[in-house]
């Protein structure tokens with residue numbers, strides 16, 4: 001187990017008690033070196049966070065969307081250089097130069113769908129709604145492949161591409177082709193009224209008189225960019241698959257973690273992962289941020305270590321906690 005670490009203790013202390021909580025896991029060579037769950041998953045019902053509590057992953061979802069895409073590439077039914085316009089009727093002309101690779105690496109130049117949501121909208125958008133918002137805009141922020149610009153739009157459209165090519169609902173494809181084979185039976189791409197999230201954490205935000213539930217927003221129902229719920233325990237299985245017996249052929253698994261596009265922060269983006277370094281070691285990571293949730297996963301390659309941090313409150317800083325955990329062992 002991890003020796004007592006005051007930096008980690010200090011970062012986790014605000015989650016103790018009758019407040020929205022956190023689930024934290026540090027893996028070293030595939031073994032749990034540190035695991036802690038504290039605080040509440042549901043304040044109203046006083047339900048405690050456990051290591052099996054499912055949090056909305058937000059953008060940590062993107063690694064599953066990327067994997068789903070690459071599974072179809074591995075099967076020979078989708079090409080990374082396929083133009084986006086091929087998959088959608090009435091696609092804007094500018095989409096003819098946008099490829100699957102560009103979507104995966106945030107270099108498509110596609111407009112941010114959040115900026116296109118009409119005033120007065122009250123119903124949460126789904127991936128198909130993102131497509132409809134974009135169809136009337138024959139413009140890009142930059143030429144495809146010329147610049148990195150983080151794009152939730154791109155990952156919503158990837159979900160629709162997977163759905164079309166696989167002839168299966170995206171949530172079903174994730175469940176049958178990724179989650180079930182890995183034994184991640186509690187992990188789900190959540191669709192209100194269709195699926196259920198077991199052991200669910202609800203999101204909260206701090207206000208002057210305490211925390212208020214802020215679990216859903218207009219962008220909470222899109223799946224490809226952030227709709228998966230999972231737990232630290234099930235993400236341990238995901239990490240083990242990536243390290244030992246990946247779902248993907250080795251060349252495609254390697255390209256997922258390759259530095260395809262430089263980012264303004266000085267690191268790079270692969271397929272569904274940021275890639276860079278931590279204390280001189282090669283690293284892949286991704287944060288997630290949505291209303292009421294903050295999440296992160298950081299994986300080191302030179303020494304096999306992974307930190308997973310899931311919180312159901314908007315004021316959490318999961319990357320700082322993940323880095324503190326990793327710093328204790330590297």
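The values are calculated or read from the model by the stated rules, or taken from the named source; none is laboratory data. What you are looking at is a predicted structure, and each value in this text was computed from that prediction instead of being measured. No Cβ is skipped: glycine too gets one built from the backbone with ideal geometry, and neighbour counts run over all protein chains shown.
Kindly check whether there is at least one residue in the stretch 5-14 that is touching a strand residue (DSSP E or B) at 6+ places or on another chain (Cβ under 7 Å) and at pLDDT 95 or above.
Step one: filter the stretch 5-14 for residues touching a strand residue (DSSP E or B) at 6+ places or on another chain (Cβ under 7 Å), giving 12.
Those still in the list that are at pLDDT 95 or above too: 12.
Among the residues of the stretch 5-14, at least one is touching a strand residue (DSSP E or B) at 6+ places or on another chain (Cβ under 7 Å) and at pLDDT 95 or above, which makes the answer yes.
Taking the residues in the stretch 319-328 that are touching a residue at least 40 places away in the same chain (Cβ under 8 Å) and in contact with a strand residue (DSSP E or B) (Cβ under 6 Å, 6 or more places away or on another chain) as candidates, determine which candidate is surrounded by the fewest Cβ atoms within 10 Å (Cβ to Cβ).
Within the stretch 319-328, the first condition is being touching a residue at least 40 places away in the same chain (Cβ under 8 Å), and the residues that meet it are 320-321, 323-328.
Applying the additional criterion that residues be in contact with a strand residue (DSSP E or B) (Cβ under 6 Å, 6 or more places away or on another chain) yields 321, 325-326.
Numbers: 321: 25, 325: 30, 326: 23.
The residue in question is 326.
Looking only at the stretch 52-61, decide whether some residue is closer than 26 Å to residue 302 by Cβ, in contact with a strand residue (DSSP E or B) (Cβ under 6 Å, 6 or more places away or on another chain) and part of a helix (DSSP H, G or I).
The initial filter retains those residues of the stretch 52-61 that are closer than 26 Å to residue 302 by Cβ, namely 57, 59-60.
Next, from what is left, pick out any that are in contact with a strand residue (DSSP E or B) (Cβ under 6 Å, 6 or more places away or on another chain): 57, 59-60.
Next cut, part of a helix (DSSP H, G or I) only: 59-60.
Yes, the conditions are met somewhere in the stretch 52-61.
Only one of (1) under 22 Å from the mean Cα position of the chain (by Cα); (2) over 16 Å from residue 154 (Cα atoms); (3) outside any helix (DSSP H, G or I) fails for residue 80. Which number is that?
Answer for residue 80: the failing condition is (2).
Go through the stretch 201-213 and count every residue that is surrounded by fewer than 20 Cβ atoms within 10 Å (Cβ to Cβ) and in contact (Cβ under 8 Å) with a residue 60 or more places away in the chain. Even if it seems obvious, please write down each step before you answer.
Quick first cut of the stretch 201-213, residues surrounded by fewer than 20 Cβ atoms within 10 Å (Cβ to Cβ) only: 205-210, 212-213.
With in contact (Cβ under 8 Å) with a residue 60 or more places away in the chain added as a condition, the list becomes 205-206, 213.
Number of matching residues: 3.
Scan the stretch 294-308 for residues that are surrounded by 21 or more Cβ atoms within 10 Å (Cβ to Cβ) and farther than 24 Å from residue 105 by Cα and jot them down. Break it down into steps so the answer makes sense when it comes.
Step one: list which residues in the stretch 294-308 are surrounded by 21 or more Cβ atoms within 10 Å (Cβ to Cβ), which gives 294-300, 305-308.
Across the stretch 294-308, the qualifying residue is only 305.
Considering only residues of the stretch 10-39 that are assigned to a strand (DSSP E or B) and free of Cβ contacts under 8 Å to residues at least 60 places away in the same chain, which is surrounded by the fewest Cβ atoms within 10 Å (Cβ to Cβ)?
Step one: filter the stretch 10-39 for residues assigned to a strand (DSSP E or B), giving 20, 22-28, 31-38.
From the residues that got through so far, the ones that are free of Cβ contacts under 8 Å to residues at least 60 places away in the same chain too are 31, 36, 38.
Values: 31: 10, 36: 19, 38: 18.
Looking at the filtered set, the residue picked out is 31.
Return a yes/no flag: does the stretch 48-61 have any residue that is in contact with a helix residue (DSSP H, G or I) (Cβ under 7 Å, 6 or more places away or on another chain), touching a residue at least 12 places away in the same chain (Cβ under 8 Å), surrounded by 24 or more Cβ atoms within 10 Å (Cβ to Cβ) and within 11 Å of residue 232 (Cβ to Cβ). Quick ask: steps written out before the conclusion?
Taking the stretch 48-61 first, the residues in contact with a helix residue (DSSP H, G or I) (Cβ under 7 Å, 6 or more places away or on another chain) are 51-52.
Okay, now just the ones that are also touching a residue at least 12 places away in the same chain (Cβ under 8 Å), so 51-52.
From what's left, surrounded by 24 or more Cβ atoms within 10 Å (Cβ to Cβ): none.
No, the conditions are met nowhere in the stretch 48-61.
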